[in-house]
Structure formats: structure tokens, C-alpha cells
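What follows is one structure encoded as C-alpha cells, with my remarks underneath.
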Amino acid sequence: MASVFRRTYRKPDGRAVECGKFTVECKVGEQFRRLPGFTDRKASEELGRKIERLDGLRAAGEQPDAALTRWLEGLPDTLRGKL
């Protein structure tokens, strides 16, 4: 199952700040990948589920259905390139 979280970083003055976007971590093949998600948690969780579904289809040698193909075509170019 994909995990969704916000990354934190430290500003030069030492304060911890959360990023605006969520990060999606999921297993693709045998490796865990971290991909930038969306500012909405539910949309990022859905992204993780669909990535895992795509990986399952790829492992089984099957093609994605029409709904999943439309979803892939609607992704931003940078994210689609990473997939």
C-alpha cells in the first residue's frame, strides 16, 4: 500500500517547514519510489493506488483499461514522464 506524507525541511533560521505538496511512496517493481503528489491528501492517496494498479498490470503483462488510460493522459507531463 502506498504511503502519503508531507516532507519537512529546515529554513536557514532553523525553523521546520512542511512542503505544500504531499509525497507518495509506493513499491514499483522491487524498489520503493517517491513521487510528488498533489496539495490534496485524498488526490495523492488516489495517485498511489493507481500507480500500484499500473504496476500490477505491468507485472501481469496486461494493458490498462480505458478509464486508467484516460487518467494517465490527464496527468501533468512531468509526472507522466516519471512513470
Where Cα atoms sit under 23 Å apart: lysine pairs in the chain separated by 8 or more or lying on different chains:
10
Angle, helix 41-60 long axis vs. longest principal axis of the chain, Cα atoms, 0 to 90°, nearest 10?
40
Give me the extension gain from F32 to D77: residue separation times 0.36 nm, minus the current Cα-Cα distance, reported in nm with one decimal.
14.1 nm
Can you compute the FRET efficiency between D65 and F5 using 1/(1 + (r/R0)^6), with r the Cβ-Cβ distance and R0 = 30 Å? Round to the nearest 0.05.
0.55
Tally Lys and Arg at +1 and Asp and Glu at -1 over the other residues with C-beta under 15 Å from the C-beta of G20: what net charge comes out?
+3
Using a 1.4 angstrom probe, figure out how much accessible area the chain has per residue, in square angstrom, rounded to the nearest whole.
72
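The values are calculated or read from the model by the stated rules, or taken from the named source; none is laboratory data. Remember, it's a predicted structure, so these values are computed and weren't measured experimentally. Every residue, glycine among them, receives a Cβ derived from its backbone with ideal geometry; neighbour counts consider all protein chains shown. Please note that ligands, DNA and RNA were not included when accessible areas were found on the heavy atoms of the full protein model with its side chains. Shrake-Rupley method; radii C 1.70, N 1.55, O 1.52, S 1.80 Å.
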